[in-house]
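Can you keep this structure in mind? I'll have questions shortly.
The values are calculated or read from the model by the stated rules, or taken from the named source; none is laboratory data. Everything numeric here is computed off the predicted structure, so don't read it as measured data. Neighbour counts are summed over all protein chains in view; Cβ atoms, including those assigned to glycine, are modelled from backbone coordinates with ideal geometry. We work out accessible area using only protein heavy atoms, side chains counted, and drop any ligands, DNA or RNA first. Shrake-Rupley method; radii C 1.70, N 1.55, O 1.52, S 1.80 Å.
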Amino acid sequence: MYNIAQDFIDRNVEEGLSEKPAFIDPARTLTYGGLQKASCRMANALVDMGIGRETRIAVLMLDTVDWPVVFFGAIRAGVIPVALNTLLVTDQYQYMLSDSRADVLFVSAQLYDVVAPVIDKVDSLKKVIVVGEKTADHTTLDELLADRSSQFQTVETSPDEVAFWLYSSGSTGQPKGTPHVQTAMAYTAKTYGAKVLGIKREDICYSAAKFFFAYGLGNATSFPMSVGATTILLPTRPTPQDVFKTLKENKVTLFFGVPTLYAAILADDTCTPDNLSALRLCASAGEALPADIGENWLKKFNVDIIDGIGSTEMLHIFLSNSPDDIVYGTSGKEFEGYRLRLEGDDGKDVKGGEIGELLVSGDSAATGYWNQREKSRATFEGIWTRTGDKYTRDSKGYYHYCGRTDDMFKVSGIWVSPFEVESALVSHPAVLEAAVVAHADEEDLIKPKAFIVLNDDASGDDLTKELQQHVKTVAGQWKYPRWIEFVDDLPKTATGKIQRFKLRG
Ligand code: 3UK
């Protein structure tokens, strides 16, 4: 038998960490002992409400110390928490609440208005618990947990039993319920957490990516809790200033961000390198980290960023740079715990440095997609999971990202990776962000087109020509964007990925 709550909470208490802070948000601190008690109260509350093993509850909550109480409390009781993205709109919540058939919704008071219109429309939903201020007469989390026993006989779940769900958003279509088994979190902690990050009990972690995102969930729970470390939480939007203040004031040792945030911090003059000496390593995921951002970050802040690729389907990062082996502009190398292959269009492994789709094998893979047999079969092929990402592997074993399978296009018969052109563009000092898509010219021939967000202080009489020349020099003659549109922002998914399909045409 294996239950995550016992491994990540009770084991730390048994090892004497009862008084040690597990989670610190701007208002409260929750120790490992406190989390043990509160998660037992949560488990008792679910049992008292008649919410039994293997039923689902939806978790639509901001990052505060209540989040791990609800999540691990449910898991302790064998109930399955479904973590929902807090940045979505009403219709999407209606879809996910209906699709998951969650019995109870735990919702932060601040997010209540967005889901309120659908509460009566989702038949399967029996109860709403509001976390924070009393709202619309629903029971609050504090009321729910008050007077419950802090003793609970943890449910003896099987290692292969579904423990929790995430929703895989993808760039198109409805999100897909992605169930993960009890042992998946510990697997990511034993592999990426221990071998790549070298996570230690003394570490203080802060993830700008929130709990609901697989990246944030691992950064803020699996890794620190696997060794009894401490996690800092910020319920608000991670602005460059707030992130920086958090790193400094809490002496954060491990920071987890996404490329756009690293770029925004670099572009912000108020973010200065003083008082950052505790920071030993930064990680980046979600989309590829342009070499330029990593190198400038290292120059300015004297700490490396390790870029690694992960997915909701694999739960966390399965290919990464390592602190002692970093090549900026690549996703790094295979590491222990995950096997990789690059498959060509003919279904065979590619040769040499040829481009292919990345497939990954490792024990943190999801069990499939909920109620979507065709999509499950197309993605989960036995021990292999298709990523939908194109890569090349160089002779030294480093993987170079080329883009999503459906974003790649050919110019004059030669593959162009939008990511490569974007990297060239953002290496120009005037450019903050760039997205490149295929666009047909008058002769209906496909050529790169760029959408560009400029830095605040950028100027130039003929910036278009200058940027085109820059790409020609950095990336190659045929890859330069024939058209450039300057825009205020780029369309993105709720997890910050550029939606290139919206820019095509
Ligand atoms: C893209 C990257 C290049 C890639 C995630 C870390 O992003 C995560 O999960 P999602 O399900 O998206 C997966 C897709 O995102 N991607 C992620 N990281 C990189 N592309 N370089 C990278 N470093 O297209 C992948 O298929 O939202 C990231 C940990 C857990 C995660 N779920």
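So how far apart, in nm, are the two label points at ALA267 and ASP147 if each is 7 Å from Cα heading toward Cβ?
The two pseudo-label positions are separated by 5.4 nm.
Let me ask another. First compute the accessible area of the chain with a 1.4 Å probe, then give the percent of it belonging to carbon and sulfur atoms.
Carbon-and-sulfur percentage of accessible area, whole number: 47.
Add +1 for every Lys or Arg and -1 for every Asp or Glu among the other residues with Cβ under 11 Å from the Cβ of THR405, and state the total.
Surrounding charge for THR405 is -3.
Past the 30 Å Cα-Cα mark, which pairs from LYS210/LYS375; LYS134/LYS190; LYS121/LYS375; LYS176/LYS479; LYS449/LYS497; LYS375/LYS396?
From LYS210/LYS375; LYS134/LYS190; LYS121/LYS375; LYS176/LYS479; LYS449/LYS497; LYS375/LYS396, over 30 Å: LYS134/LYS190; LYS176/LYS479; LYS375/LYS396.
If Lys and Arg each add +1 and Asp and Glu each add -1, what is the summed charge of the other residues whose beta carbon sits under 10 Å from the beta carbon of ARG148? Please report the intermediate quantities before stating the final value.
Working: positive: LYS37, ARG41; negative: ASP48, ASP147.
Computed value for this residue: 0.
Related question: Over the chain, what is the mean sequence separation of C-alpha contacts under 8 Å (at least six apart), divided by residue count, expressed as relative contact order in percent?
Reported as a whole number, the value is 10 percent.
Relative to the longest principal axis of the chain, what angle (0 to 90°, nearest 10) does the C-alpha long axis of helix 291-301 take?
The two axes meet at around 60 degrees.
In addition: For a Förster distance of 30 Å, can you work out the FRET efficiency between the beta-carbons of ASP346 and ASP444, rounded to the nearest 0.05?
Details: r = 28 Å, r/R0 = 0.94.
Efficiency for this residue pair is about 0.60.
Of ILE80, VAL471, GLY132, which is farthest along the charge dipole of the chain in the positive direction, counting Lys and Arg as +1 and Asp and Glu as -1 at C-beta?
Looking along the dipole axis, the top candidate is ILE80.
Can I ask one more? Compute the relative contact order of the stretch 185-249 as a whole-number percentage, counting only Cα pairs closer than 8 Å that sit 6 or more residues apart in sequence.
For the stretch 185-249, the relative contact order is 35 percent.
Net charge near THR495, counting Lys/Arg +1 and Asp/Glu -1 over other residues with Cβ under 13 Å of its Cβ?
That works out to +2.
Considering the dipole of the chain built from charges on the beta carbon (Lys and Arg +1, Asp and Glu -1) around the Cα centre, which of ASN296, GLY337, SER277 is farthest to its positive end?
GLY337
Quick one: angle between helix 90-100 and the longest Cα principal axis of the chain, in degrees between 0 and 90, rounded to 10, please.
Around 60 degrees separate the two axes.
Working with all protein chains in place, sort ILE75, ILE498 by solvent-accessible area computed with a 1.4 Å probe, largest first. Let's see the in-between values first.
On the way: ILE75 0, ILE498 25 Å².
The residues order as ILE498, ILE75, largest area first.
How much of the DSSP bridge set in the chain is antiparallel, in percent, rounded to the nearest 5?
55
Now for a different question. Using a 1.4 angstrom probe on the protein heavy atoms only, line up TRP370, TRP165, TRP478 by accessible area, largest first.
Highest to lowest solvent-accessible surface, that is TRP478, TRP370, TRP165.
Using only Cα atoms, locate the centre of the stretch 312-334 and the centre of the stretch 141-170, then give the distance between them in Å, rounded to an integer.
For the stretch 312-334 versus the stretch 141-170, the Cα centre distance is 31 Å.
Now a separate question. How do the peptides 304-312, 94-102, 134-142 rank, highest first, by the average count of neighbouring beta carbon atoms within 10 Å per residue?
Sorting 304-312, 94-102, 134-142 by mean packing, highest first, produces 304-312, 94-102, 134-142.
Another question, then. Nearest 20 debye, what's the magnitude of the dipole of the chain about its Cα centre given +1 on Lys and Arg Cβ and -1 on Asp and Glu Cβ? Could you put the intermediate results ahead of the total?
Working: 52 positive and 69 negative charges, 159 e Å.
The dipole magnitude comes to about 760 debye.
With every protein chain present, what is the per residue accessible area of the chain (1.4 Å probe, Å²)?
About 41 Å² of surface per residue is accessible.
Can I ask one more? Taking the Cα centre of the stretch 409-502 as origin and charging only Cβ (+1 Lys, Arg; -1 Asp, Glu), how large is the dipole, in debye to the nearest 20?
Charge dipole, the stretch 409-502, about its Cα centre: 500 debye, nearest 20.
Using Cα atoms only, what is the angle between the long axis of helix 32-48 and the major principal axis of the chain, expressed in degrees (0 to 90) to the nearest 10?
With rounding to tens, the tilt is 70 degrees.
Each label point is 7 Å from the Cα along the Cα-to-Cβ direction; what then is the distance between the points at ARG28 and SER124, in nm?
About 2.9 nm, to one decimal.
Show me 431-438, 339-346 ranked by packing, highest mean number of other Cβ atoms within 10 Å first.
Working: 431-438: 23.1, 339-346: 14.2.
Going by the mean number of other Cβ atoms within 10 Å, highest first, we get 431-438, 339-346.
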